[in-house]
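One structure is given here, and the rest of the page talks about it.
What follows draws every value from the coordinates through simple rules; no lab data is involved. These numbers come from a predicted model, not from an experiment. Quick reminder, even Gly has a Cβ in these numbers, built from the backbone with ideal geometry, and neighbours come from all protein chains shown.
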Amino acid sequence: MSDLTAHPQTLNVDLGERSYPIHIGAGLLDRPELLTPHIPGRQVLVVSNETVAPLYLERLLGSLDGFQVETAILPDGEQYKTLDTVDRIYTALLEHRFDRSCTLIALGGGVVGDITGFAAATYQRGVHFIQVPTTLLAQVDSSVGGKTGVNHPLGKNMIGAFHQPRCVIADTQTLDTLDDRQLSAGISEVIKYGLIRDAGFFAWLEAHVPDLLARDPQRLARAIERSCRNKAEVVAADERESGQRALLNLGHTFGHAIEAAMGYGAWLHGEAVGTGMLMAADLSRRMGWLGDQELARIRAIIGAARLPLHTPPELDADGFLKWMAVDKKVQAGRLRLVLLKGIGDSLVTDDYDPALLRETLEAFHREARSR
C-alpha cells in the first residue's frame, strides 16, 4: 500500500448520484482543489468546536477564498450533541440568510460531524455538507456513510437522518494534535473493521497497534485507508442499514448503554465500543461460536490499544439490559446484537440465548466490582 503521507489516496463511496470521494493524506487542509469543486453555491458555514477551531480553522478558511464564509463554533464534548446545539447552527444559517444552495463544512471530530450533518439534513429540508474530520475515530468511521444525528437523555443517536456528504477530506496531520485518549478511542473503531469482515487487517493490527499509538505516520495512514475502504464497501452495499451495514455496530449496543448510563462524555465513544466489542466476543464464546484463543486475541488487542477491558462497576446486568432496550436494532420487541462467528466473520442476530447474555453481563459486572 502506498505511503499516503507522500501520495494522498482517494477512495470512492459508490452510491450512484450520491457518490462521493474520500481524500486521505497529509496537508490536505491546504489543498483547495480537493474542497471547492464540491461546493455548488457561494454560501459556506464552517462548523467547528472550541478545541479544533483555534488549531485548524484559519487553514481551512484559507482554502475558501471567494466564498461567503461564516462560522459557528460549538462547545466541545459528547454532552453537547443535542438538539439545543443544532439550534445554534440553524440560528447562524438564518441570521446570515443562507439559502438552499449553501454548504455546511464540519471541521472536527465525530460530534461536530454528526451535529453538522443533521443540521444540513434538516435545514430547508436538506442542504449540502462536507466532512473534514480531525480525529482518528471520525476519519475512519463517523465521517463516512451519511449517518447524522444527536443524542437524547434516554438513548444515544436516536434522533437523526441519513444524509451523505459531498466529500470527505481526512488530513492525517490533524492527528498530531490529538490527545492519547482520543487516539486510542479511534483505534477501537479501526479494530472493529478487522473483527467484522477483515481478518487479514486484524492480524496486521495485532502487529502494529504500538506503531499507531506511537503515531507512526505511514502506519496510521495505512490503517485509515484500510478502514475507510471497508466502510465504503459496506455503505455502498447497504446505505440505509437494512442489512449488512448493521455489522458496523459491533460493540455499539453494549457501548451505547455505557455512554448513556454514565452520562455522555464520561466515557469516550471509542472506549465504550472497545469494551462493548469484548462483551460481544464473550457472548459469542458462550454461544459456542468463538474459541477461547480467539477471545484471548480480541482481549489482547483491545488492551494493547489502551482501551478499557472492564465495564463501569456501578452498571449491573439489569442496568445494561434497561439501556440496551433503547436501541435502534430493537425490532418487534427483540434486541438484535452483532456477534462473531470468528475473527473477520460477524452476523446480526436476535437468535441468542438471553440467559447467556445475562451471564456475560453478570461476569463483566463481577470483574469490574472486584477491581
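Of all the options Pro54, Pro75, Pro165, the one that moves most in a Gaussian network model of the chain with Cα springs shorter than 10 angstrom is Pro54.
When the Cα gyration tensor is reduced to axis lengths a ≥ b ≥ c, the ratio a/c stays below 1.5 for the stretch 240-371, which is therefore classed as rounded. The label point for Gln68 and the one for Asp99, both projected 7 Å from the Cα toward the Cβ, are 0.8 nm apart.
Rounded to the nearest 10 degrees, the angle from helix 83-95 to the longest Cα principal axis of the chain is 10 degrees. Only beta bridges with both residues in the stretch 9-177 are counted; by DSSP, about 30 percent of them are antiparallel.
Evaluating 6.51 cos²θ - 1.76 cosθ + 1.60 at θ = phi - 60° for every residue in the stretch 132-142, the Karplus couplings come out as 10, x, 10, 10, 4, 4, 5, 5, 9, 9, 6 Hz, glycine and proline recorded as x.
Here the Debye sum runs over all C-alpha atoms of the chain as equal scatterers in vacuum, and log10 of I(q)/I(0) at q = 0.06, 0.08, 0.11 Å⁻¹ comes out as -0.21, -0.37, -0.71. Just to confirm the number: angle between the C-alpha axis of helix 269-286 and the first principal axis of the chain, 0 to 90 degrees, nearest 10? The angle comes out at about 30 degrees.
State whether the stretch 166-316 is rounded, prolate or oblate according to the following rule on the C-alpha gyration tensor (a ≥ b ≥ c being the square roots of its eigenvalues): a/c under 1.5 gives rounded; otherwise a/b larger than b/c gives prolate, and the remaining case gives oblate. The shape class here is rounded. With the charge dipole of the chain set up from +1 on Lys and Arg Cβ and -1 on Asp and Glu Cβ about the Cα centre, the Cα lying farthest toward the positive end among the listed residues Ser242, Ser143, Thr103 is that of Ser242.
Remark on Asn49: its backbone amide H falls under 5 Å from those of Leu74, a criterion applied only to residues 5 or more positions apart or on other chains, H modelled at 1.01 Å from N. For the options Gly16, Gly149, Gly276, a Gaussian network treatment of the chain with springs between C-alpha atoms closer than 10 Å singles out Gly16 as fluctuating the most.
Rounded to whole Å, give me the distance from the Cα center of the stretch 217-246 to that of the stretch 280-303. Comparing the Cα centres of the stretch 217-246 and the stretch 280-303, I get a distance of 23 Å. Could you tell me which of rounded, prolate or oblate describes the stretch 9-177, using a ≥ b ≥ c as the square roots of the eigenvalues of the alpha-carbon gyration tensor, with rounded for a/c under 1.5 and, failing that, prolate when a/b is larger than b/c and oblate otherwise? Taking the square roots of the gyration eigenvalues as a ≥ b ≥ c, the stretch 9-177 is rounded. Among Gly155, Gly288, Gly77, the largest mean-square fluctuation in a Gaussian network model of the chain (Cα springs under 10 Å) belongs to Gly288.
Among His310, His365, the ranking by other beta carbons within 10 Å of each residue's beta carbon, starting with the fewest, stands as His310, His365.
When DSSP beta bridges are restricted to pairs lying wholly in the chain, around 45% turn out antiparallel. Applied to the stretch 63-70, the Karplus parametrisation 6.51 cos²θ - 1.76 cosθ + 1.60 on θ = phi - 60° returns per-residue 3J(HN,Hα) values of 8, 10, 4, x, 9, 7, 10, 10 Hz, with x for Gly and Pro. Could you count how many Lys pairs in the chain have their Cα atoms under 24 Å apart, skipping same-chain pairs fewer than 8 positions apart? For the chain, the number of qualifying lysine pairs is 26. Within the chain, the longest segment free of exposed loop sites, counting GluC sites (Glu not before Pro) that fall outside DSSP classes H, G, I, E and B and have at most 15 other Cβ atoms within 10 Å, spans 51-313. Against the main long axis of the alpha-carbon atoms of the chain, helix 110-122 sits at an angle near 60°.
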